[in-house]
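Presented below is the structure to which this report refers.
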Amino acid sequence: MKKPSSKIREEIARLQDQLKHAETREAERIGRIALKAGLGDFEIDETELQAAFEDVANGFRGGQGSNRSRPTGKERGGASTTPASETASVSASAAQGNGSEA
């Protein structure tokens, strides 16, 4: 039995909402990590910052990144001891490079 178009639209809207929430969580996570790494202290053009992030992502995908020899958080003994409530929250747009600051 085929779904009526109204049900499909409802499902699409629900999935878009889930996607928005997932992207926000991911952006906040990446933003917190970037701030902990000190990226908030630099004035970097968004295109340069995005290119640097793409280089890092490509390094992890291909296993050729310059940071591959550095230990990850898990290898160093786990995640930060800073509670999530004390960690600065970064908006999705800022963490994704859509804001005016890096």
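The values are calculated or read from the model by the stated rules, or taken from the named source; none is laboratory data. Predicted model, so just to flag it, every value in this text is computed and none were measured. Here Cβ is always computed from backbone atoms with ideal geometry, including for glycine, and neighbour counts include all displayed protein chains.
Observations
- Residues in the stretch 39-63 that are outside any helix (DSSP H, G or I) and either touching a strand residue (DSSP E or B) at 6+ places or on another chain (Cβ under 6 Å) or not small (G, A, S) (or both): F42, E43, I44, D45.
- When residues in the stretch 48-62 are screened for being farther than 14 Å from I30 by Cα and within 14 Å of the chain's Cα centre (by Cα), 0 of them pass.
- Residue match in the stretch 71-79 (condition: among the aliphatic types (A, V, I, L, M), assigned to a loop (DSSP other than H, G, I, E, B) and at pLDDT below 85): yes
- If you go through the stretch 31-44 and keep only what is of a type in the set (D, E) and touching a residue at least 12 places away in the same chain (Cβ under 8 Å), you end up with just E43.
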